[in-house]
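Following: one structure in C-alpha cells, then a few remarks.
Only the coordinates and a few stated rules stand behind these numbers; no lab work does. Note that the structure is predicted; figures quoted are calculated from it, not measured. Here the Cβ positions follow ideal geometry from the backbone for every residue, glycine too, while neighbour counts run over all protein chains shown.
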Amino acid sequence: MTDLSLGSSGGTGELRRTRVFSVLALAAATYGGLFAAGLHVNAVVLSIVAMMTLCLLRLPVAVALVSAAVLGGLQAGLSMTETIAAFNGNLLIGSQVGMTYVMIGAFAVALARSGLLELLAAKISGHLGTGEAAASRGVRWSLLLILCAASVMSQNLIPVHIAFIPVLIPPLLGVMNRLRLDRRAIACVLACAISSSYLLLPTGFGAIFLNDILLTNLNEVGADLGLSVTADMAPRAMFLPVMGIVAGMFVAVFITYRKPRDYLAVESEAPAASKPPVTLKPAQLLATLAALAVALVCQIRFESLLVGAMAGFIILGFAGIFRWQEQDDVFTEGLRMMAQVAVIITLASGFAGVLSATGEVQPLVSASASFIGDNKALGAAIMLLVGLFVTIGFGDSFASVPILAPVYVPLAQALDFSPLATVALLGAAAALGDAGSPASTITLGATAGLNADGQHDHIRDSVIPTFIHANFGMVLFAWIAALTL
C-alpha cells in the first residue's frame, strides 16, 4: 500500500538511519532515567508512545504494532509467553473484521466492473482541458463534493466503509494531478467525512456506533446511577463534536493544503483520445442498483456487512457484470486491495488485547479522574484527551467505548454533567483518534487509494494531516458541547 522503509541507499539512507538510532537512543535513555528515579511508566502510555514513534520513524505499521505490544506487556510485568498469548488471544476478533473487509473489497471491485466508477472519472476528466481549464475551480470543488458525498454514503446509505476508496480514487489521480490538488487535502476530506457520517447519522455504521455501542454502554453503566439515554439524544449530543471535524476539513481544504502541489504524471493522465469511451448499458445500471439495494437491506436485516457484501457480489456475478469464470479473479483482486488493511486491523486487535491484559487502562483513566477533582471544565478536557490517547492505540472508536464507559459515566455523573453532555463526552472521547491513528481503517483506506502510484506516504500524508484536522477541532467543539449541553 505504501512504502514505509527507512530510506533509500546512499547518503540519504545513512542520514535517516542515524536519525532513527538517535531517536531510539534518546527514548531508551529517557525510559532508563525514569526507571532509575523509581517512577512507574504506565504500560499503556509506553505502548502507544512507542507505536507512534516507530511509525513516525517509518517502520512498517505492522512491525510497530507488534513491537509496541511486546514492550507494553513486558513493562506491565507480563512474561513474554503471557504477552504473546494476550496478543494471539485477541487476533480472532480482528481476523473476523478483516475477513469482512476482504468481502467488502471483492464487492467494491465487482461494482467497479460495472463501469460506474470509470464513467464518473471519465466525465470529470472530460471537463478538463489544458491551461486555465485544467485549473477550473468548478471542477475542483465538484470533485471534492463527490468524494465527500461518497464518503458519507459509504457509512450510511451503501455501507462499504473504506472499500470504495481504493476503487474510486486511483482512476481520479490523473484528474487530481492536472488540477494540482494536494492529496493531503483529499485524505482529510475522506477521513473527516467518513468520521462525521457515522458519528452523526444513525443508519448503517452510524446505527451500530450510536445505538448498539454508545447508547447501550451508557445505559448499562448508568443504570445504577440513574442515567438513562434514548436514541434521539445521540445525534443531538454529537452534533457539536461533529461540527468540529467539519471545521477541520474546511481548514485543510481552504487553508492548510490550498496551495497547488505537483506530482509525477500517472498512467490515467494519458490523452482521452487514446482511450476507448466508457459506456454503461441500462442492464448494467439496473443490476448495479439492485446489488447496492440488496447489500443495504441484508446489512440492516442481518446486521452483517459480510452478508450484505456477499449478497451484492453474488447479484453482480449472476447479472453478468463480469464473466462467470472471472469470479475468482474478481475476488482475488478485492483480496489484494484490502489485504494490508485486513492484516493491520488483525494485528491492531492483538495490540488492543495486550493493552487490556496489562490491566493499566483503567488506572490511567482513574488517575486522570483523581487529578480532575470537581472542576468540570478541566474534567471535560482531560476526559477528551485521554480518550484521544486510548483510541489512537486501539485504532478503533467502536472498541474504545466499552473501555472508557465504566469510568467516564460515573465521573460525568459526579461532575454533574447532563445526560446529553455525558453522551457527547463519551462519544467524542471514543471517536477522537480514530481518524489519525496509523492502525485506523480510515487512514489505511485513504492511503490505499491515494498511494496507488507510490506518491502518498501513509504517515506523513495520511496519518499526520488527518490527526491534526479531524481531532483538534473535535476536541474544542466537544469540550464546548460538554459545558453547554
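Give the residue list of trypsin sites (Lys or Arg not before Pro) in the stretch 296-337 that are DSSP loop and have at most 12 other beta-carbon atoms within 10 angstrom. Let's see the in-between values first.
Details: sites: Arg301, Arg323, Arg336; in loops: Arg323.
Those that pass, being in a loop and sparsely packed, are Arg323.
Provide the packing ranking of 242-249, 376-383, 217-224, i.e. peptides ordered by the mean count of other C-beta atoms within 10 Å per residue, highest first.
Details: 242-249: 23.4, 376-383: 19.4, 217-224: 16.5.
Those peptides, ordered most packed to least, come out 242-249, 376-383, 217-224.
Arranged from highest to lowest average of other beta-carbon atoms within 10 Å per residue, in what order do the peptides 438-444, 46-52 appear?
Descending mean neighbour count gives 438-444, 46-52.
Which length gain, in nm to one decimal place, applies between Ser304 and Thr484 when the Cα-Cα distance is subtracted from 0.36 nm times their residue separation?
Fully extending the segment from Ser304 to Thr484 adds 61.1 nm.
Please give, to one decimal in nm, the separation of the simple spin-label points placed at Ala25 and Leu91, each 7 Å out from Cα toward the Cβ.
3.6 nm
Apply the Karplus curve 6.51 cos²θ - 1.76 cosθ + 1.60, θ = phi - 60°, to the phi angles in the stretch 213-218 and return the couplings in whole Hz, x for Gly and Pro.
Per residue, the Karplus-derived 3J(HN,Hα) values read 10, 5, 5, 4, 5, 4 Hz.
Please give, to one decimal in nm, the separation of the simple spin-label points placed at Arg236 and Leu286, each 7 Å out from Cα toward the Cβ.
4.6 nm
Whole-Hz ³J(HN,Hα) for each residue in the stretch 417-431, computed from phi via Karplus 6.51 cos²θ - 1.76 cosθ + 1.60 with θ = phi - 60°, x for glycine and proline: what do you get?
Per-residue couplings from phi come out as 6, 5, x, 5, 5, 5, 4, 5, 5, 5, x, 6, 4, 6, 7 Hz.
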